[in-house]
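Asks: Take this structure first; my questions come after.
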Amino acid sequence: QILPALSDNYMYLLIDEKSREAAIVDPVAPDTVIKAVADAKVNLTTVLTTHHHWDHAGGNKDLIQKMPGLNVLGGDNRIDGVTQFVKDGDSAKIGNLDIKCYTTPCHTTGHICYFVVDSEKDEKVVFTGDTLFLGGCGRFFEGTAEQMYAALVEKLGSLPKETKVYCGHEYSLQNLAYGAHVEPDNQDIQAKIKFAREKREQTPPVPTVPSTIQEEMHINPFMRVNEPSVQEHAGTTGKGGIETMRALRAEKDNFKPKK
């Protein structure tokens, strides 16, 4: 269940249908979470925190006070209320849902992505915080192109292709505008822009998430850094994916889409 918060953040209520046990991802707006939990009639046991930035972890303290006894997962000692520090390869369970943690340092040094498998329904999802966005990636506040390459191309890129991607913000149209600048002839990006516009022009606007890992490999320039067309745009032909990642991020940091 997608719970919008602040101006463009997403929190996610993850529910195991069988046991009615639930986890919340990045509960920045605790009162919204408490209402959603009551409405869904579930037992909230766990908080999954992707990273320490206030718009993701800033609600932890308040939520713990209002719902004592929650198990709070996180990978950074700057996150309030962590009861279980997690690192690469660690696992957890929410009812029958299996959660695997991936460390993806770069946006912040302690960023974690949570990969969740529901083997009963054969469904797979990943909560990517501010590492992988629909059509984009997070700014490299505390890391390098090498780290973001490892996170996007090597770790997240090796997840099953059908995995649904739930990211931390509604930045899709801005990201896709940059993708279209990088690859003007990429028809997948054009189709996704049309899809995203239709969603965001509704009243109230509808989230454009989730995408899938497969889709990101077609529309996201930061996951396409080994594609000749992307390297050509970046002026990094023959220099490899990491240099392309570095060039794209530097360009996107100052990119203003044409109106």
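Asks: Go through the residues of the stretch 67-90 one by one and say whether even a single one is closer than 24 Å to LYS124 by Cβ, in a helix (DSSP H, G or I) and over 20 Å from the mean Cα position of the chain (by Cα). Lay out the reasoning, then the answer.
Replies: Looking only at the stretch 67-90, we keep the residues that are closer than 24 Å to LYS124 by Cβ, and these are 71-75, 84, 86-90.
Cutting the leftovers down to in a helix (DSSP H, G or I) gives us none.
For the stretch 67-90, residues closer than 24 Å to LYS124 by Cβ, in a helix (DSSP H, G or I) and over 20 Å from the mean Cα position of the chain (by Cα): absent.
Asks: In the stretch 138-186, what residues are within 21 Å of PRO207 (Cα to Cα) and in contact with a His (Cβ under 8 Å, 6 or more places away or on another chain)?
Replies: Listed by number, the residues that qualify are GLY138, GLY168.
Asks: Would you check which residues across the stretch 79-93 are of a type outside the set (Gly, Ala, Ser) and either closer than 23 Å to VAL117 by Cβ or exposed (fewer than 14 other Cβ atoms within 10 Å of the Cβ) (or both) and list them?
Replies: THR83, GLN84, PHE85, VAL86, LYS87, ASP88, ASP90, LYS93
Asks: Additional query: Report, by residue number, each residue of the stretch 99-124 that is farther than 22 Å from GLU142 by Cα, in contact with a Phe, Trp or Tyr (Cβ under 9 Å, 6 or more places away or on another chain), surrounded by fewer than 23 Cβ atoms within 10 Å (Cβ to Cβ) and not aromatic (Phe, Trp, Tyr). Explain how you work it out, then say what you get.
Replies: Filtering the stretch 99-124 down to residues farther than 22 Å from GLU142 by Cα leaves 99-100, 115-124.
Checking which are in contact with a Phe, Trp or Tyr (Cβ under 9 Å, 6 or more places away or on another chain) leaves us with 99-100, 115-116, 124.
Checking the rest, the ones that are also surrounded by fewer than 23 Cβ atoms within 10 Å (Cβ to Cβ) come to 99-100, 115, 124.
Across the stretch 99-124, the qualifying residues are ILE99, LYS100, LYS124.
Asks: For the stretch 48-64, which residues satisfy the criterion of being open to solvent by less than 10 Å² (accessible area, probe 1.4 Å) and either out of contact with any strand residue (DSSP E or B) (no Cβ under 8 Å at 6 or more places or on another chain) or closer than 21 Å to PHE141 by Cβ (or both)? Reasoning before the result, please.
Replies: Initial filter on the stretch 48-64 (open to solvent by less than 10 Å² (accessible area, probe 1.4 Å)): 48-51, 56-57, 59-60, 63.
Those that are open to solvent by less than 10 Å² (accessible area, probe 1.4 Å) and either out of contact with any strand residue (DSSP E or B) (no Cβ under 8 Å at 6 or more places or on another chain) or closer than 21 Å to PHE141 by Cβ (or both): LEU48, THR49, THR50, HIS51, HIS56, ALA57, GLY59, ASN60.
The values are calculated or read from the model by the stated rules, or taken from the named source; none is laboratory data. What you see is a predicted model; the values in this text were computed from it and never measured. Heads up, the Cβs are rebuilt from the backbone with ideal geometry, glycines too, and the neighbour counts pull from every protein chain shown. Quick note on the areas: whole protein, heavy atoms, side chains included, nothing else; ligands and nucleic acids left out. Shrake-Rupley method; radii C 1.70, N 1.55, O 1.52, S 1.80 Å.
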